[in-house]
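Working notes, structure below.
The values are calculated or read from the model by the stated rules, or taken from the named source; none is laboratory data. Please read these numbers as outputs of a predicted model, since none were measured by experiment. Cβ placement follows ideal geometry from the backbone for every residue including glycine, while neighbour counts extend to all protein chains displayed. In case anyone asks, the SASA skips ligands and DNA or RNA and just uses the protein heavy atoms, side chains included. Shrake-Rupley method; radii C 1.70, N 1.55, O 1.52, S 1.80 Å.
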Amino acid sequence: MRVNGVHYEREIEPRMTLGDFLRHEIGLTGTHLGCEHGVCGACTVLIDGRTGRSCLAFAMQEDGSEITTVESLAQGGELNILQQAFQDHHALQCGFCTPGMLMTLTELLRDNQNPNETEVRETLTGNLCRCTGYAAIVEAALDAAQRLAAAREA
Amino acid sequence: MKPAPFDYHRPISLDEALDLLSNLENAKILAGGQSLIAMMNFRFVQPDHLVDLARIPELTGIEERDGVIRIGAMTRQRDLEFSDVIAQRLPLVKAGLAHVGHRQTRNRGTIGGSLSHADPSAELPMLALAQDATIEVRSTRGARRLPAREFLRGYLDVAIELDEIVTAVEFPCWRAGHGWGFHEFARRHGDFAIAGAAALLELGEDQTVERVSITLNGVDVTPVRLTSAEDVMRGRRLDAELICAAAAETRHLEPLEDAHAGAVYRRHLAKMLTQRALGDAAKAGALIASV
Ligand code: FES
Ligand code: FES
């Protein structure tokens, strides 16, 4: 399996979920596991470029897949545009949901460069946040879309 | 929680998968895993063997032949949602898909998996029933085809044997320009529906209802066709009164009660959603019929 561009090979038990594999086997603890039954979305990662819940996949299934986690976003210690927008808009408090939010929005902003508020909210229905009330997260996402557009033009 | 231990199998052909299923004890099929893995994590289900169908190429794909759309059982819900063929030929299915779970689960969830899981509030079983889809299943003993209404046997229960695999689903298309409507009520978009209604309409001369299908989910152990309402409408001129009369047939329903909603509330929802779904179907259908 490749994770964030790095190849990993491990002997594992079939029952190990992808989320546990990322956290315990290769030490990427940015991905959070909340409910472990597919409700909260904290564990969202990209599997071959598409978001998926890493608690609802066994690592074995992803033998040979390309996994992208929240650790891939910041480059050289610098937050990426989406992460920076989260910080600027106070889009996180405890931060537990944040990795999942970021990965879900990463997919959205890749596929839809100019989402409206409804689209952002609909996309985020799969991610629960107990702290922020979502408003700041939606603002951050919309702002990030604009900053990305500006960056593309520049 | 963590699932109980099991052995994992990843066949690369359908025949290999069928052999495995016929030989293994307490084996389960792993499709997209969006319901099964959750149930395994809770230890509601503890299979000794999982047979993962993800790497069997012949189980994936969408093709149209003679007015029938054939969908491989392992086709991901997300691929259906963005398929042009589905959008054009099965607009009701496309509309319903937007309500199936969340984007992250649709990316992985499959049509065959959702049908086989047969949750009474799920959309895909309801859409299969609405469109009179045929489910194709295979085992080492051969292939057979079941209409959706026989396949969906009960609560989380479908009419297939332990060694059988759902291989494809066939949706017959309605006439181009038919009317359709889909309405659902859930606490949060993408959550399990409390109730939902799907309607299909074909209109003839003078707005007469030639063909109609009305299906509800969330009101019984399986999705149900509101056949009495279809009877009320067939052959009659379509107008607002007729839609109300059809929706009133929901009074005969005896919905389940659970923590989310009581029977009276569900019956009310069923009526309102039926009315809205038919209203949308009428608008789309009438538009076409009048040109
Ligand atoms: S931990 Fe995966 S959805 Fe909650
Ligand atoms: S910031 Fe705490 S759960 Fe979202």
Hey, among the residues in the range B:40-56 that are surrounded by fewer than 19 Cβ atoms within 10 Å (Cβ to Cβ) and more than 7 Å from every other protein chain (Cβ to nearest Cβ), which one's nearest to residue A:60 (Cα to Cα)? B:55
Given (1) modelled with pLDDT of 95 or more; (2) buried (at least 24 other Cβ atoms within 10 Å of the Cβ), residue B:219 misses just (1)
One residue is enough: does the range A:65-85 have a residue meeting the conditions within 13 Å of chain B (Cβ to nearest Cβ) and out of contact with any helix residue (DSSP H, G or I) (no Cβ under 8 Å at 6 or more places or on another chain)? yes
Residues satisfying the stated conditions in the range B:1-29, i.e. in contact with a Phe, Trp or Tyr (Cβ under 8 Å, 6 or more places away or on another chain) and buried (at least 22 other Cβ atoms within 10 Å of the Cβ): none
Any residue at all in the range A:90-100 that is within 14 Å of another protein chain (Cβ to nearest Cβ), within 16 Å of ligand 1 (Cβ to nearest atom) and hydrophobic (A, V, I, L, M, F, W, C)? yes
Considering only residues of the range B:183-214 that are within 14 Å of another protein chain (Cβ to nearest Cβ) and in contact (Cβ under 8 Å) with a residue 40 or more places away in the chain, which is most open to solvent (accessible area, probe 1.4 Å)? B:187
Under the condition of being part of a helix (DSSP H, G or I), open to solvent by 20 Å² or more (accessible area, probe 1.4 Å) and not polar (S, T, N, Q), which residue from the range A:110-135 is nearest to residue A:148 (Cα to Cα)? A:110
Output the number of the condition that residue A:14 fails; it satisfies all remaining conditions of (1) touching an Asp or Glu at 6+ places or on another chain (Cβ under 9 Å); (2) more than 10 Å from chain B (Cβ to nearest Cβ); (3) open to solvent by less than 40 Å² (accessible area, probe 1.4 Å). (2)
Taking the range B:30-39 only, how many residues are open to solvent by less than 30 Å² (accessible area, probe 1.4 Å) and either in contact with a Gly (Cβ under 6 Å, 6 or more places away or on another chain) or within 8 Å of another protein chain (Cβ to nearest Cβ) (or both)? 6
Residues of the range A:65-109 classified as touching a residue at least 40 places away in the same chain (Cβ under 8 Å), within 13 Å of ligand 2 (Cβ to nearest atom) and open to solvent by 60 Å² or more (accessible area, probe 1.4 Å), total: 3
Please note which helices (runs of 4 or more DSSP H) are completely contained in the range B:45-116 and include at least 3 residues that are touching an Asp or Glu at 6+ places or on another chain (Cβ under 8 Å). B:91-97
